[in-house]
Amino acid sequence: MAFNFAHRQTLRSTIRRVSPTVYPNCAARSLLPVSKQWNGKWAAGYATVASEQEVPQGRYWAKIPRWEELPVDTFLSHSWQMANSIHTVRGLSDLMRSVLPETIPPQQPLRGKLEYPGVSTPEDFIRSFEVAAKKAPMAFRLSPHVLSVINWTDPLNDPVRRQFVPLDSVINVAHPAGIFDPLHEVDNSPVRGVIHRYSNKALFMATSICPVYCRFCFRSYSVGTETEAVKKMRFLPLMKQWAPKFEYIESTPSLHDIVISGGDTYLLEPEQIAYLGDRLLNTPHIKRFRFATKGLGVSPSRLIDPKDSWIDTVIELSKRGRKMGKEVCVHTHINNKQEISWITRQGAQRLYEEGVIVRNQSVLLNGVNNTFDQLRDLVHALSELHIEPYYVYQGDIVRGAEDLRTPLSDSHELELQIRDQTAGFLIPRFVYDVPGPAGKRPSLSAQNYDRRLGVAEFTAPRLNGDYVKYWDPLWSLSEDAQEEVQSYFAERSNDQASAQMASVGA
Ligand code: SF4
C-alpha cells in the first residue's frame, strides 16, 4: 500500500479524468480517497492500490446493465448508493429481468437436497421471488454493492443471493419452534429499545433500518419495513427517542459495555454517531462501546466517499476514547468472501491505519459459509483486512429462513477443522446465542445432542441448572425424524411448543 498526497479537489478531478470509458476495467482505482474532512480540516493522505492485481473486481457493478457506464465516483457516493438501493418487488424483478441468463443453471444439491424444483428460466425465478416476497417476514432491500456482487449468471447457487432474495419453495418450510424474537429480546428490555441480557453489557437500538435486509435476521420483529406477514416494533433514528435509553444506561452503573445497533448504525447520520459517542464517552461507568454495522460488507462506499464523514466520526471517537482509556470499535457482519470488494478492502485499510478495532460476526448459513472451504476463505480474507473473525453464530430459529439454518453438527465440525488453518487469535468463536439471560455459549458445549432428532441442550451459570433446547433445521433430518419432531410439537399448542423450545427450564 503506497500513499499519494494530494489535495481533495485535485483527487476528484483526477477521478473524473480517469473515466471508466477510458479505463473500462478499473477506472481511477489507484486514486481512491480514504481520508476525509473532519472538523473542517482535510487530512492529506490518500491510500492507493499498487496494481491492477490488487483490485481484480474492478468496476464490478458494470455487469448490471443500468450501471454499465457508471463512473467510479458516482458508485462511491453514499447518497447515490442509498438512492439506488432496491426495496420494491417490482424494482428487483425489473433488475433481475436485465441480468438473469436465458437458462438458469440448476442448483448444485446441498447435502443431496434440491431446494428449487421447477426453476429453470428467468420467468420461473422471478415468479418464485414475487410469491416469496409476499410471505417473507423480513422486508427486502438490496444495496447496489450487493446487487453487484451477486453472481446473477448462477443465482440458485450464489451465496450472496441466498442471504437476501427469498424464493417460494424454501420460504414455505418452517420449523415448528420458529418464532419472531428467538432471543427473547423484548422480554429483556427494561426500557423500550435497550436490551439488557448480560450483567455488564446492554444493546442500544438506535434505529430499525439497515442498508440491506437479511432473510435470517433474528430481529425481524423490529428491523425493516413492515411486510404483509409481520407488523414491526419500530425504532426511529431520532435523537429525542433516545432519551429514555440514555437515562437507563447513565443510571445503571453496573453497565460497562454498550453495543449500538438496531438496525444498522451505518444508516445513522455522522452527527448522530457523534452524539451517541459523546454521551457514552462522557458516561464514567461505560468503558467500551461499539458500532454494529454490516456496512463494510454490504455498502462499503460510505467508507471512502469523500463527501461523507461517517467513518471520520467513528475514527475521531475511537481516538478520543483511547486517550480516555476507553474502547470504541466497529463490529461488522460479513458471511462470505464474495461480499468483499476492493472498496471494502480500502475502507478496512483506512480503519486499520487509523487504529480502529474491527471485529466480524458471521452467522453460519447453509449454502453460504457452512463448508470448510467457504469458511476458511472467509477467515483468511477477514484476516488480510485486519478484521478479527470474532464470532460464528449458530443460526437462530427464525421464521422464513429455515433453508439457511445449519445443524449444530456443522458448527462442531467446522470449529475443529478451522483450528489448524490460522493463528490462534484469528480462530473465530463458534457460539449459540442462548435466549434470555444465558448469553452466548460455545457451540461445542451443547449437551445431550440427539443427532437423529436434531435437538441439543445448552445450559449456563445464569440458568441455575436449567436447560434450553436448540433444534436443527428440518431439512437436515431424515423423513422419519422430521415426522417425529412435527408430532412432538403438534401434541402441544404452538405457544407451549415455542416455550418448550426456547425458554428456561425446557
Ligand atoms: S443488517 Fe443486521 S440488523 Fe439489519 S437485517 Fe441484516 S442481520 Fe438484521
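The values are calculated or read from the model by the stated rules, or taken from the named source; none is laboratory data. Here the structure is a predicted model, which is why all the values come from computation and not from measurement. As a convention, Cβ positions derive from the backbone with ideal geometry for all residues, glycine included, and neighbour counts pool all protein chains shown.
Values for this structure:
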item: Looking only at the stretch 206-240, and only at residues there that are part of a loop (DSSP other than H, G, I, E, B) and away from the ligand (no atom under 16 Å from the Cβ), the one that is nearest to residue 186 (Cα to Cα); result: 231
item: Selection status of residue 203, part of a strand (DSSP E or B), within 16 Å of the ligand (Cβ to nearest atom) and in contact (Cβ under 8 Å) with a residue 12 or more places away in the chain; result: yes
item: For residue 479: the one exception among (1) crowded, with 16+ Cβ neighbours inside 10 Å; (2) modelled with pLDDT of 90 or more; result: (1)
item: Matching residues, the stretch 400-412, being farther than 16 Å from residue 163 by Cβ and in a loop (DSSP other than H, G, I, E, B); result: 407
item: Matching residues, the stretch 166-204, being modelled with pLDDT under 90, of a type in the set (D, E, K, R) and surrounded by fewer than 17 Cβ atoms within 10 Å (Cβ to Cβ); result: 187
item: Residue match in the stretch 265-283 (condition: in a loop (DSSP other than H, G, I, E, B), acidic (Asp, Glu) and either more than 15 Å from the chain's Cα centre (by Cα) or within 21 Å of residue 210 (Cβ to Cβ) (or both)); result: yes
item: Candidates 441, 419, 405 - the one that is out of contact with any helix residue (DSSP H, G or I) (no Cβ under 7 Å at 6 or more places or on another chain) and closer than 18 Å to residue 215 by Cβ; result: 405
item: Residue match in the stretch 388-402 (condition: closer than 16 Å to residue 297 by Cα, touching a strand residue (DSSP E or B) at 6+ places or on another chain (Cβ under 7 Å) and more than 16 Å from the ligand (Cβ to nearest atom)); result: yes
item: Subset tally (residues that are farther than 29 Å from residue 455 by Cβ and either assigned to a strand (DSSP E or B) or out of contact with any helix residue (DSSP H, G or I) (no Cβ under 7 Å at 6 or more places or on another chain) (or both)) for the stretch 370-398; result: 4
item: Some residue of the stretch 241-252 being at pLDDT 95 or above and in a loop (DSSP other than H, G, I, E, B); result: yes
